[in-house]
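What follows is a short report on a single structure.
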Amino acid sequence: MNHRLPAALTLVALLLCAPPLRAEEPSDRLTRLHSALDADERAVKLWWFGWAGIVGGAAIGQTGLSVLTHNAGFRSDLQTGAVTSWLGMAGLALVPVKPLQRWDSLLDAPIELQMRQAEAELRDRAKRERQVGGWIDHTVNALVGLSAGSYLWFHEDRRATAVVTGVVDILMGELQLWSVPHTAVHALAAIDAEE
């Protein structure tokens, strides 16, 4: 019994001397929410405009080259690639993650309202980021790549370029889907874990 007394006294002393746990100040939480929203805007812009440049450049380049070439087989390869690239641009236009989303705080509102608004915006962005890359997106991507390859294989009888076109289209589409930023998702998970 005597050997437990010093351990108990030590525990009581540690508890009395420990700094009190304090809840996060509302202004600190609001700052973290604003930082998360700003980081998300930067990541989404980089992703969207980067892919728009790659896919749009491929679409414009293949379309232009298909007009200029006199080789019928090469022209059909370019036209097929251009169609899939333009479809990729359409996909970027329809993706729920938008590059020009702006976060504007209600600066004159009470801090509690600002926090609710910022958290609601972060949750909305996280939801949209999770929507991209579902089974429908991957299925549509595979169908576009397989359709392009099948067209070149069966209609144009260009087997080598059919395989290359189909594989490259599928890989680029998958890379685009898998590289969607999840900045809001991760920030929200960190904020929820601390509550």
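Some values worked out for this structure:
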| quantity | calculated |
| --- | --- |
| Region 93-115: number of residues that are part of a loop (DSSP other than H, G, I, E, B) and farther than 26 Å from residue 27 by Cα | 6 |
| Any pair with Cβ under 9 angstrom, 6 or more apart, that starts in region 89-116 at a residue that is farther than 23 Å from residue 173 by Cβ and ends at one that is loosely packed, with under 10 Cβ neighbours inside 10 Å | 114/107 |
| In region 149-164, residue surrounded by the fewest Cβ atoms within 10 Å (Cβ to Cβ) [restricted to those that are touching an Asp or Glu at 6+ places or on another chain (Cβ under 7 Å) and in a helix (DSSP H, G or I)] | 161 |
| Residues that are surrounded by 16 or more Cβ atoms within 10 Å (Cβ to Cβ) and either acidic (Asp, Glu) or without any contact (Cβ under 8 Å) to a residue 40 or more places away in the chain (or both), drawn from region 55-83 | 56, 58, 59, 62, 63, 65, 66, 75, 77, 78, 79, 82 |
| Of the criteria (1) of a type in the set (D, E, K, R); (2) modelled with pLDDT under 90; (3) not in a loop (DSSP other than H, G, I, E, B), which one residue 77 fails | (2) |
| Enumeration of residues in region 165-195 that are farther than 28 Å from residue 46 by Cα and without any contact (Cβ under 8 Å) to a residue 12 or more places away in the chain | 195 |
| Hey, residue 139 more than 30 Å from residue 29 (Cα to Cα) and over 19 Å from the mean Cα position of the chain (by Cα) or not | no |
| Which listed residue is part of a helix (DSSP H, G or I), under 14 Å from the mean Cα position of the chain (by Cα) and more than 15 Å from residue 182 (Cα to Cα), from 51, 86 | 51 |
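Conditions (1) of a type outside the set (A, V, I, L, M); (2) at pLDDT 85 or above, marked per residue:
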{"position": "13", "(1), (2)": "no, no"}
{"position": "23", "(1), (2)": "no, no"}
{"position": "53", "(1), (2)": "yes, yes"}
{"position": "60", "(1), (2)": "no, yes"}
{"position": "64", "(1), (2)": "yes, yes"}
{"position": "89", "(1), (2)": "no, yes"}
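The values are calculated or read from the model by the stated rules, or taken from the named source; none is laboratory data. The model shown is predicted, which means the values in this text are computed figures rather than measured ones. FYI the Cβ positions are ideal-geometry reconstructions off the backbone, even for glycines, and counts take in every protein chain you see.
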